[in-house]
Amino acid sequence: MKYIQHHINGQSIAELSAEGVMLSTAQQFLQMIMDSSAEGIIVHQESIDQKFFDLRSGLAGEMLQKVVNYRLRLAIVGDFSIYESKSLKAFISENNRSNAIVFVNTIEDALVRLSK
């Protein structure tokens, strides 16, 4: 996997930039985290299997638990207005109350949130 390394406020933030990469299992997600060697990670919405955004699949919980377990920070960048699920909207809103796991629209927003 390829990463763009960002260094802000003395923190290392890795942006997954590999074209065609699809994170579809918790194990792939964990491998991506380990390969990044960063305190914060940015992943684009299109690099995550759509099952992630169906909370009933359990994929989001499995993947995000890895972020918590390894005490990292994660920003998922994309357009989340395309999803109609009320539970997903509540899930995104709840996560966005912290800076540990955030759902944002732009890379700039991700960098600001992860560098705090």
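Only the coordinates and a few stated rules stand behind these numbers; no lab work does. Note that the structure is predicted; figures quoted are calculated from it, not measured. Cβ coordinates were reconstructed from backbone atoms using ideal geometry, including for glycine residues, and neighbour counts include every protein chain displayed.
If you go through the range 9-62, how many residues are more than 23 Å from Asp79 (Cβ to Cβ), in contact with a Ser or Thr (Cβ under 6 Å, 6 or more places away or on another chain) and not acidic (Asp, Glu)?
3
May I ask you to say which residue of Arg113, Arg71, Arg97 is over 24 Å from Glu19 (Cβ atoms) and surrounded by 13 or more Cβ atoms within 10 Å (Cβ to Cβ)?
Arg113 is the lone residue from the list that is over 24 Å from Glu19 (Cβ atoms) and surrounded by 13 or more Cβ atoms within 10 Å (Cβ to Cβ).
Among the numbered criteria (1) touching a helix residue (DSSP H, G or I) at 6+ places or on another chain (Cβ under 7 Å); (2) surrounded by fewer than 21 Cβ atoms within 10 Å (Cβ to Cβ); (3) not small (Gly, Ala, Ser), which one does Ile42 miss?
Every listed condition holds for Ile42 apart from (2).
So which residues in the range 74-91 are aliphatic (A, V, I, L, M) and either in contact with a His (Cβ under 6 Å, 6 or more places away or on another chain) or farther than 13 Å from Leu16 by Cβ (or both), if there are any at all?
Hits for the range 74-91 are Val77, Ile82, Leu88, Ala90.
Within the range 70-86, is even one residue hydrophobic (A, V, I, L, M, F, W, C) and in contact with an Asp or Glu (Cβ under 7 Å, 6 or more places away or on another chain)?
The answer is yes, given that some residue of the range 70-86 is hydrophobic (A, V, I, L, M, F, W, C) and in contact with an Asp or Glu (Cβ under 7 Å, 6 or more places away or on another chain).
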